[in-house]
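Take a look at the structure set out below.
Each reported figure results from applying straightforward, stated rules to the coordinates on display, with no laboratory input. Keep in mind it's a predicted model, so treat the numbers as computed, not measured. With ideal geometry, Cβ positions are generated from the backbone for all residues, glycine too; neighbour counts draw on all protein chains shown.
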Amino acid sequence: MIKSAYLHIPFCEHICHYCDFNKVYLKGQPVDDYLKALEQEMKMTLTQYPTTSLETIFVGGGTPTSLNEKQLYQFCESINRNLPMDETIEFTFEANPGDLTAGKLEILKEAGVNRISLGVQTFNGELLQKIGRVHKAKDVYQTIDKAKSIGFENISIDLIFSLPSQTLTDFKETLKEAFSLDITHYSAYSLIIEPKTVFYNLLKKGKLPTPGEDVEASMYELLMEEMEKHGFNQYEISNFSKPGYESRHNLTYWNNDSYYGFGAGAHSYLNGIRRSNIGPLKRYMEQINNGILPVMEKHQTSKIEQMEEEMFLGLRKTAGVAIPHFIEKFAEDPLQLFEKEIRELTAKQWLDVGKNHIFLTKKGRLLGNEVFQAFLR
């Protein structure tokens, strides 16, 4: 049964220098038409792939809170109309610090949203400018105070390290500020420079001074130490939470479970089929207006692909891959199926095998991508 849904709002008031998600400048865009098309996609998809109730909904972007209050209200209403929700649902909205007015927060609260994820990235004002962010550190404190006063308890922030010219001391300062917020969850990623971004073009011209792999590794080690020291459990390579506040939605991906993906450029995984939606807004809306689901690509995963995915997605979690669950799901023993890979990776001390789990060592977490590659045949 499908228990999770992702919804994509592609509009941004500013485009960050590192972002390669499907997004467009908000100004002059057919926002209302897009929201109508998105509602129609929900209806069409649930007719084809029904579910009884969702346990997680995640609204990402772009910047979902770039919608004005009227649009945000209508969008939330359409979610509540079309998506059946479990009473224990985790309902997350992504937002930029500074975008969330008290009015928008009230609308979200009323609609049943109970988790806010803020794109903070760094508390260093100079670095914020360098990466194309328009908020200031003070906006983060004000937004979080506002959200708490309206009743939001489950608040997460995103941080990025290994930013251009960032030093270990800078990152230490950002972590210190982050811990002063008294929130329940942190996601922290090293900067990945993707094609079609401002940073990619600068890198090609030799104009992007990155800290380098050694400093990046030191930042990640510092991150793990500080999170542990402050009582945050590292439950996934880049995610840390207070007990009971793990992102249930993201665990859907790492557990290799099915999920809906609604919106331009969104991805879904339904009945073993991985699908990606058309990205350009005009084409996305045209398809829906013609009564056709806006799927650009679909791929039926084979059993071996599903087992490989189970390994490299599951190994992102600190708990790793549960051997009994793998056997129950695929009628195969991962210790036999991937015997060679597991033997080689444990010899390198990147992987460990417990009684019921296969998991990354601390050393393995630093080299996650190399470990994951080993399971792709």
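Annotations
- The string of couplings for the stretch 266-281 from the Karplus curve (6.51, -1.76, 1.60, θ = phi - 60°) is 6, 10, 9, 9, 10, 6, x, 10, 8, 10, 10, 7, 4, x, x, 4 Hz, one whole number per residue in order, with x for Gly and Pro.
- What the pair-distance distribution of the stretch 239-342 shows, using all Cα-Cα distances binned every 10 Å from zero, is 13, 36, 28, 17, 6, 0 percent.
- Here the relative contact order of the stretch 304-373, from alpha carbon pairs under 8 Å that lie six or more residues apart, stands at 34 percent.
- Derived scalar couplings between HN and Hα for the stretch 79-95 equal 5, 5, 5, 10, 10, x, 10, 5, 5, 9, 4, 9, 10, 10, 10, 7, 8 Hz in order, rounded to whole Hz, by the Karplus curve 6.51 cos²θ - 1.76 cosθ + 1.60 (θ = phi - 60°), x for Gly and Pro.
- ³J(HN,Hα), Karplus 6.51/-1.76/1.60, whole Hz, each residue of the stretch 124-133, x for Gly, Pro: 7, x, 5, 5, 4, 5, 4, 8, x, 7
- All Cα pairs of the stretch 304-373, percent lying beyond 20 Å: 17 percent
- Hull shadow area, averaged, the stretch 89-136 [alpha-carbon convex hull, nm²]: 3.6 nm²
- Size of charge dipole - the stretch 304-373 - debye, nearest 20, with Cβ of Lys, Arg +1 and Asp, Glu -1, no other charges: 500 debye
- The chain: relative contact order in percent, alpha carbon pairs under 8 Å with at least 6 residues between: 15 percent
- Simple Cβ-charge dipole of the chain, Lys/Arg +1 and Asp/Glu -1, about Cα centre, in debye nearest 20: 680 debye
- Cross-link partners for Lys303 among the lysines, with Cα-Cα distance under 21 Å and sequence neighbours closer than 8 places in the same chain left out: Lys329, Lys340.
- Which labelled figure in (i) 1.06; (ii) 0.98; (iii) 0.95 is Rg/Rh (Cα atoms, Kirkwood Rh), once derived from the coordinates: (iii)
- Within the chain, DSSP assigns beta bridges of which about 40% are antiparallel (rounded to the nearest 5).
- Residues of the stretch 312-340 falling in the label zone of Arg274, defined by backbone nitrogen less than 17 Å from a point 7 Å along Cα to beta-carbon, are 312-317.
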